[in-house]
Amino acid sequence: MASKRIKLGVLGSGRGSNFIAIQNSILNNAIDAEIAVVISNKKSKMLEKASEYGLESVYVNPKDSDNKESYDLKLVQILKEHDIDIVILAGYMKILTNGFIEAFPGRIMNIHPSLLPSFRGLHPQQQALDSGVKFSGCTVHLVIPELDAGPILSQHVVPVLAGDDEDALSARILVEEHKLYSGTIQSFIKNKL
Ligand code: GRF
């Protein structure tokens, strides 16, 4: 009997390059899953792209909710309606409430453009430059209530080069993010982590 195909729900706020890389991996059979819904808190590029792929895409306007908790419960409801197994954060710029995190225990992944636990939070590439490290990179981790502090699933090291500014380092890390995230999702699905 064929096993049920794993369903991913993607949350993002911006250009969606990690989402695109993941969807392309799915189309190339490098991830045994499907994206069942793409959700954004902004009318983002990512949502446009999701529609182009023919994926279900949902804009949830934060102004239509009284507070963060009720906003997140709306998202949980949409994800549950789509029978989501794993939530993939891909440039989602809002901090999830405990109510959301408890709805998908151990099943929310994020990618962060630094070698965690170094440089949590915003502008990690600039934080790396300011600190003078010679190597940074990216980390895929599970999401817990503490920001960027959940169990690490995978990392990739990227050199910091003389003359790098935030854009240059971000671009070098981003290339690796795209590969790392897809590979990690596939390994997670196959219980290889
Ligand atoms: C990526 O650098 C990711 O690591 C961070 O936000 C950025 C999102 O980029 N969390 P994109 O929307 O996937 O292009």
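For the range 87-128, the residues whose amide N sits under 19 Å from a probe point set 7 Å from the Cα of Asn67 along the beta carbon direction are 94-103. The string of couplings for the range 134-143 from the Karplus curve (6.51, -1.76, 1.60, θ = phi - 60°) is 9, 9, 10, x, 9, 9, 9, 9, 7, 9 Hz, one whole number per residue in order, with x for Gly and Pro.
Anisotropy class assigned to the range 1-129 is rounded, per the alpha carbon gyration tensor with a/c under the 1.5 cut-off. Ordering Phe135, Phe119, Phe104 from the fewest to the most neighbouring beta carbons within 10 Å gives Phe135, Phe104, Phe119.
Listed from fewest to most Cβ neighbours within 10 Å, the set Met109, Met93 follows the order Met93, Met109.
For Val58, the residues whose modelled amide H falls within less than 5 Å of its own, excluding neighbours fewer than 5 places apart on the same chain, are Val38, Ile39, Ser40.
Quick one: Thr184, Thr139, Thr97, fewest Cβ neighbours within 10 Å first, how do they rank?
Details: Thr184 22, Thr139 26, Thr97 19.
Listing Thr184, Thr139, Thr97 from fewest to most nearby Cβ atoms yields Thr97, Thr184, Thr139.
FYI, it's all coordinate maths here, none of it is from the lab. Please read these numbers as outputs of a predicted model, since none were measured by experiment. Glycine gets a Cβ as well: all are built from the backbone with ideal geometry, and neighbour counts include every protein chain shown.
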